[in-house]
Amino acid sequence: MRISKTIISYLKKGGADFFLSVPCKLLANMIAILENDKDVFYSAIPREEEGMGICAGAYLGNKLPCIMMQNSGIGNAVNSIVSLLQLYQMPVVFLISYRGTPGELVGAQAGMAKVTKEILQTLRIPMLHCSSEKDLDKISTFTAYAKVIENPVAILCDFNLMKED
Amino acid sequence: MNRFELLKSLQPMLQDNLIVCNIGIPSQELYHINDQPNYFYMLGSMGLASSIGLGLSLSVDKNVISIDGDGSVLMNMNTLATVGNRAPNNYTLLIIDNSSYGSTGDQKTFTDEKTNLKEVAIGAGCRNVIECNGSDTPSNLEKALGDKNNSYVIISKINSGNVAVKPIPINPITIRDRFRKIIGKVDYLK
Ligand SMILES: [Mg+2]
């Protein structure tokens, strides 16, 4: 719970004030925190692509949205990232549970893990890779950075970072 | 009635509200009928008009109308569940259902066969779902906008067919910035 609390507080410190998730076991604590947070909007939603649309609208309404999802969600959302968020230059923070990284228990997750960073690189999305607790204090600056560059940014949280939380 | 005629008849109801319009010919027709800064034209990401409008309506107090299409809703059908469970009272989803992929050569969609979007919307959790023909759409939209206690889904059944208009000649950042300026919270644009 400590790590999840820290991540949410740094996201909020960086300006994020509108949260969505397509749930993941590794995100469960963060979701529980947000469900009880009266200061920000939070909802689970069925699909990441749809979430990019909702985030786009929230940005137009002057929010700084954050969507939490597994790395598989990036695969579901590629066109909406390029043809909506990047086309109109809309800042959105992707908080990604990096399934398939060492510690993972489900072998099938390795497929998306192998290509996640390359997909993000191909999309020219700045990345913050958090593999240990000492990486977390970069999250607030990185969240604010999305607003400065008016574009999506991605924060990747390794399996081993989240699993014991 | 076709989409162009419908969009024309809706103009009085769109002026004081925030409009998110579906990609392709719907946005092009809307632009050529009466371009306004409170119209957000989608230039990509087919399927997400309802979602963009929903995120906006959750973030502002003004009325938001997503002008969507049958083909686009079929592409992002989970949106009806999210709208059904999360739409605030200032949100209206207007689905222009011409049973046709109008922007890609008028191929038939499944609403021309067995799919009934009204039943899908109700099953997905939407209350206040109205299906009507084109000429009854303005009065139903007016009712939806006037009801401050409910969100609406309006399915306007019209004929397929497009009016020959050119692509929208304004760039996405201009569309974005003038729209955000209407919302009135963007300091650096003032
Ligand atoms: Mg259609």
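The values are calculated or read from the model by the stated rules, or taken from the named source; none is laboratory data. A quick note: this is a predicted structure, and the numbers were derived from the prediction, not measured. All Cβ positions, glycine included, derive from the backbone under ideal geometry; neighbour counts span all protein chains shown. Areas reflect the complete protein model, heavy atoms only, side chains present, ligands, DNA and RNA absent. Shrake-Rupley method; radii C 1.70, N 1.55, O 1.52, S 1.80 Å.
Simple rule: put +1 on each Lys or Arg Cβ and -1 on each Asp or Glu Cβ in segment B:3-188, find the dipole, and look at B:Thr104, B:Tyr39, B:Ser72; the Cα lying farthest toward the positive end is B:Tyr39. The solvent-accessible area of B:Glu142, taken with every protein chain present and a 1.4 Å probe, is close to 110 Å². With semi-axes defined as the square roots of five times the eigenvalues of the C-alpha gyration tensor, the equivalent ellipsoid of segment A:42-122 measures 24, 14, 10 Å, largest first. For segment B:24-121, trypsin sites (Lys or Arg not before Pro) are listed when DSSP marks them as loop and at most 12 other Cβ atoms sit within 10 Å of their Cβ; the list is B:Lys114.
If you take the beta carbon distance between B:Ile170 and A:Val148 as r and set R0 to 22 Å, what does 1/(1 + (r/R0)^6) give as a FRET efficiency, to the nearest 0.05? With R0 = 22 Å, the Cβ-Cβ based efficiency is 0.35.
Counting Cα-Cα pairs of chain B in 10 Å increments starting at 0 gives whole-percent bin shares of 10, 41, 38, 11, 1, 0. Interface residues of segment B:44-70, defined as those with an accessible-area decrease of at least 50 Å² between the chain by itself and the complete set of protein chains (probe 1.4 Å), are B:Ser45, B:Leu48, B:Ile52, B:Leu58, B:Ser59. Using alpha carbon centroids, what distance separates segment B:54-115 and segment A:57-123, in Å? Segment B:54-115 and segment A:57-123 have Cα centres separated by 24 Å. Applying a threshold of 19 Å to the alpha-carbon distances of A:Lys12/B:Lys62; A:Lys5/A:Lys163; A:Lys63/B:Lys148; B:Lys118/B:Lys157; A:Lys5/A:Lys38 flags A:Lys12/B:Lys62; A:Lys63/B:Lys148 as lying beyond it. Solvent exposure of chain A, expressed per residue, is 39 Å² of accessible area, with all protein chains present and a 1.4 angstrom probe. Note on the protein assembly as shown: Kirkwood hydrodynamic radius from all Cα pairs is 20.7 Å, rounded to one decimal.
How large, in percent, is the carbon and sulfur part of the accessible surface of chain B at a probe radius of 1.4 Å? Carbon plus sulfur share of accessible area: 48 percent.
Residues of segment B:74-100 falling in the label zone of B:Phe110, defined by backbone nitrogen less than 12 Å from a point 7 Å along Cα to beta-carbon, are B:74-78.
I'd like the interface area for chains B and A: accessible area of each alone minus the complex, both sides summed, 1.4 Å probe, protein heavy atoms only. What is it in Å² to the nearest 100? Summing both sides, the interface buries roughly 2300 Å².
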